[in-house]
Each structure stands twice: as structure tokens, then as C-alpha cells.
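Comments concern the structure below.
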Amino acid sequence: MQTGSLELGVTVGGMPILLRTRDSAFHRLLTERYSDFISTPDRPQFQFDIELSDASSADPDADVSVTRSGSDWEFRRGDFFAQWDPQAGTGRVRQSANPYATDSVLRIVHTLLLAREGGFLLHAASAVRDAEAHIFTGRSGAGKTTLSRLAPKDVTLLTDEVSYVRKSANGYTAYGTPFAGELAKAGENTSAPLAAVYLLVQGPENRLEPMNEAEAIRTLMRNILFFAQDEATVPSVFQSACEFAAKIPMYRMIFTRSSEAWQMIGAKREAIA
């Protein structure tokens, strides 16, 4: 533990991670950034000491590198460098004073943790309606943010950018995340059983088309967030996608960028299931 460090517990997807920094201003930034996801874990499974670096040379648009040496991992981008020992549960981050660099480190850590248990992060919006979670994925510009903005009042937004999926005893659970997209708003810190995934396609009408398993797997693999080029881990991500596609219904959702699209979720899905 760093002497004189300030601590902040951040729990996403039911996984608490303790962050430590000596910089009080940065600690306040992190507290504001993760306000709805702050926890006070007595014994966090993982913890990271954060050291701030000179921001003048930071390049957040540089490529991410995630490599493993034995049981340890190294994450690198223009604005951060992190070392993590998952067995010891400890890590160190040297980064610019930008909470979005911390965001990136947390996303990488969660992808690696989820890969071990059959879950994943998905480039997708997700929301809860009638106690069930629904995920909306697709290429950039397909309408994820639009659909999120058009959500009725009885819909709880989990995220407009990065959906968190964990395998559970009876299926899969979707969790809210603080990883915001164009809405610049963190999702709600809640969860629900996952009912279905929709591939968004703009069209002249609103309708759902069931996807076959092969197409569902291809869709998942195009949108799963995974940064490590690791021979031992990549196959487990593919296996997770296959198991998911065999259990969770996936649909091609043609929609007109209107709020009427939400009427399909539930009634129409039940009709064609």
C-alpha cells in the first residue's frame, strides 16, 4: 500500500476493485466519475496503486497493448502503463491525470476476469424493462445511442456503450456500467437477467428477425471487447460466445429510429420466439 494514499472502491458487475492514489485532486475526480459505483469492500479481491505521470506526452488515441508474462499482465497505451498480478490481486498503474485512462484499465481488467468465467464486455447499449435486460449492438452509427435516448420512462438504462454480461446459474445477467458513450452518462448500478440481444439495422419499418446460431456467434465476436492477444485466453472468449449464442435469443432488429421500436421488445419477441 502506498503511504498516505487515498482509497476508492469501484464495483462493476459485482466485482469490487480498490483504487489508490496519493493525489487528492485526482481522487476527487475518480469519486465523481464513479459516484454510483463506489463501494467499501472490506477485502477487495483486486487493488491498484495509481501514480500520475506528465500529461504532455500522453496519447489516449494510441493502440492498446495487453500482454502476459507468466501469470502477470501488462497493459500499455499512450496515456497509461499498468502491471497486474491477478494471483496476488495487486497492480500498479502509471497514467495521465485523466479518469478515462482509469476507465480503460478497468475495462481491460474486467475483460480478463470475465473471460475466465464465460462472460464478456460487449460494445452495445443495454437496458432493463419489466425486470429483464435487453442488449442492443451493431456497428457505429447503427442507432445504439438513439435507441437509448428514445427509451420510455419505464426503462432503466444500464449503458449506452459497454454492456457487462456475466454467466449465472440459470443463464446470463446484464449489469450497469460507468463506461459511458455519446450520452456521457453512466448507466444505472443495477442488474437483471438477460432476455435477448438485438443487432440494430436501420430500415423503413420496425420488425424483428431471429438470427441463426452461426450468425449470432459472428455478431458477438465482432462486438465483444477483448484486448489481449493471448493464445491461452482468446479460445475461451470464442467458446463463451458459442455457449451464449446457444442459450440467449438473438435478433436482427430493423427499426426506424423512432420510439415505436421499443414496442417490439416484449410483445413481438414473444410472438416470434
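The values are calculated or read from the model by the stated rules, or taken from the named source; none is laboratory data. All values reported here derive from a predicted model rather than from experimental measurement. As a convention, Cβ positions derive from the backbone with ideal geometry for all residues, glycine included, and neighbour counts pool all protein chains shown. What goes into the accessible areas is simple: the full protein's heavy atoms, side chains included, and nothing from ligands, DNA or RNA. Shrake-Rupley method; radii C 1.70, N 1.55, O 1.52, S 1.80 Å.
When the P(r) of region 67-210 is calculated, the portion above 26 Å amounts to 32% of the C-alpha pairs. The value of relative contact order for the chain, using C-alpha pairs under 8 Å at least six residues apart, is 16 percent. Per-residue 3J(HN,Hα) values for region 226-232, derived from phi via the Karplus relation 6.51 cos²θ - 1.76 cosθ + 1.60 with θ = phi - 60°, read 8, 10, 8, 9, 10, 4, 7 Hz in sequence order (x marks Gly and Pro).
Of the peptides 61-69, 76-84, the ranking by mean beta-carbon count within 10 Å, highest at the top, reads 76-84, 61-69. Here the peptides 12-24, 42-54, 117-129 are ranked by packing, the mean other Cβ count within 10 Å, and the order with the highest first is 117-129, 12-24, 42-54. Between (1) -0.34, -0.99; (2) -0.35, -1.09; (3) -0.57, -1.07, which entry matches log10 I(q)/I(0) by the Debye sum over Cα atoms at q = 0.08, 0.14 Å⁻¹ as derived from the coordinates of this structure? Recomputing log10 I(q)/I(0) by the Debye sum over Cα atoms at q = 0.08, 0.14 Å⁻¹ here picks out (1). Here region 37-142 has 41 percent of its accessible surface on carbon and sulfur atoms, given a 1.4 Å probe and all protein chains in place. Determine, from the Cβ-Cβ distance of Q83 and I38 and an R0 of 25 Å, the FRET efficiency 1/(1 + (r/R0)^6), rounded to the nearest 0.05. Plugging the Cβ-Cβ distance into 1/(1 + (r/R0)^6) gives 0.55. The mean sequence distance of close C-alpha pairs (under 8 Å, at least 6 residues apart), as a share of the length of region 1-119, puts its relative contact order at 20 percent.
For the pair region 103-165 and region 219-257, the centres of their Cα atoms are 13 angstrom apart.
The length gained by stretching the chain between R207 and R92 to full extension, at 0.36 nm per residue less their Cα-Cα distance, is 36.6 nm. Per residue, the chain exposes 47 Å² of accessible surface when a 1.4 Å probe is rolled over the protein heavy atoms with every protein chain present.
Relative contact order of region 108-179, taken over Cα pairs closer than 8 Å and 6 or more residues apart, is 33 percent. The peptide list 96-105, 193-202, put in order of mean Cβ contacts within 10 Å with the highest first, becomes 193-202, 96-105.
Amide H contacts of E51 (H built 1.01 Å from N, in plane; Pro and chain starts excluded): V93, R94, Q95 sit under 5 Å, all sequence-distant by 5 or more or on other chains. Helical content alone sets the calculated 222 nm signal of the chain at -6500 deg cm²/dmol, taking -39,500 (n - 2.57) per DSSP H segment of four or more residues and averaging over every residue.
In plain terms, the chain from E231 to A25 could stretch by 70.2 nm, reckoned as 0.36 nm per residue minus the Cα-Cα distance.
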